[in-house]
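Notes follow the structure.
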Amino acid sequence: MNSSSDFDAFYRAELLPILTALETRRRALCRSLGLWAGVGVALAVAAVLAFRAPAALLVAAAALAVGGGLVWRWTTADFVRQFKAGVIAPLVRLYGPALRYDAAGHVSQARFEDSGIFRQRIDRFRGEDAVAGRVGETALEFSELHAEYKTETRDSKGRRHTHWHTIFKGLFFVADFNKHFAGRTVVLPDVAQRALGRLGQKLQELNCCRDPLVKLEDPEFEKEFVVYGTDQIEARYILSPALMRRLLEFKRRSGCPLAVSFVNSAVFLAITTGRDFFEPSVFRTLLDPARARQYAEDLRFALGLVDELNLNTRIWTK
């Protein structure tokens, strides 16, 4: 799809009939959710009036929240599956016959850990909306991922509480770089130096959880990123001036925190987006062409990383 008119034609011919049928389903779903909400609130109010105790209000609120979440998942799951099969899957096929879409699939935890970007222990790992295949000469896969670790505390009464902390939530992208790397190079957002200046740079050098710090010759790049690597020469070879410029421009255009690594023969990108890419709205119409266009733009954003990093230009051979 190379132009706005191409998308408009695809939208009218392929997506609009599917979206029209799904819109009828969405409206019925909204009515059903409204009924369930009314029943839940009525039961909560009845419980509070019956017991007339502050604790009853807390229990009713907790039950309403838990019950609401369960009802939401139960009533919307099939609608979401139909939407992704009828709308997102055709969009993926439009962008590349060699691409496969799996709404329930995701990049594996092993692949995520292989990147070396995140060093925190993972206690919960999930994802969705996996796309895999080839764009030109480049094999790739990407999906939304959410990785977390947990901590536990005890209150004054000795009760244990579990707290979940996000390690990463966003789009995780893996592609063939067409070169086998002898070492590992990791590029992270440079939070310390931006906040603390020279002191931040010293703290980076003392980071015992990472490989040695790699110093580069691009001060603009080093204001945004910090680089660690097992092989200083290889890291500078990979991060050519052209590649550093592309990463810098992509980070600024997307406005998203970006981390990159080069391990074995793959490039890994972790893009913290803070939103779901391919989810339908239950409470807004599906017949707005701008929303369908946004799904297409999200897909172009992910697949465009091949061009952003110039991966189809085989400047190296394995």
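The values are calculated or read from the model by the stated rules, or taken from the named source; none is laboratory data. Values in this document were obtained by computation on a predicted structure and should not be read as measured data. Positions of Cβ are generated from backbone atoms using ideal geometry, with glycine treated the same way; all protein chains shown enter the neighbour counts.
Name the one entry in Gly34, Gly69 that is part of a helix (DSSP H, G or I), at pLDDT below 80 and either under 28 Å from the mean Cα position of the chain (by Cα) or closer than 17 Å to Ser281 by Cα (or both).
Just a single option satisfies the conditions, and that option is Gly69.
Summed over region 156-185, the residues that are on the phi > 0 side of the Ramachandran plot and without any contact (Cβ under 8 Å) to a residue 40 or more places away in the chain give a count of 1.
For region 232-262, a residue qualifies if it is out of contact with any helix residue (DSSP H, G or I) (no Cβ under 9 Å at 6 or more places or on another chain) and acidic (Asp, Glu), and exactly one does: Glu234. Here Thr153 does not fit the description of being more than 21 Å from Phe301 (Cβ to Cβ), of a type in the set (Ser, Thr, Tyr) and either touching a residue at least 60 places away in the same chain (Cβ under 8 Å) or surrounded by 16 or more Cβ atoms within 10 Å (Cβ to Cβ) (or both).
Considering Leu287, Leu258, Leu269, Leu303, the condition of being in contact with a Phe, Trp or Tyr (Cβ under 8 Å, 6 or more places away or on another chain) and within 30 Å of Leu22 (Cα to Cα) is satisfied by Leu303 alone. Out of Phe268, Phe250, Phe277, Phe262, one residue alone is in contact (Cβ under 8 Å) with a residue 40 or more places away in the chain and within 30 Å of Leu33 (Cα to Cα). It is Phe277. Could you check region 116-135 and list, in sequence order, the residues that are in contact (Cβ under 8 Å) with a residue 60 or more places away in the chain and surrounded by fewer than 14 Cβ atoms within 10 Å (Cβ to Cβ)? Correct list: Arg119 only.
Just checking, does region 271-280 include any residue being over 18 Å from the mean Cα position of the chain (by Cα) and modelled with pLDDT of 90 or more? There is no residue in region 271-280 that is over 18 Å from the mean Cα position of the chain (by Cα) and modelled with pLDDT of 90 or more. Against the list (1) at pLDDT 95 or above; (2) out of contact with any Asp or Glu (no Cβ under 6 Å at 6 or more places or on another chain), the condition Arg134 fails is (1).
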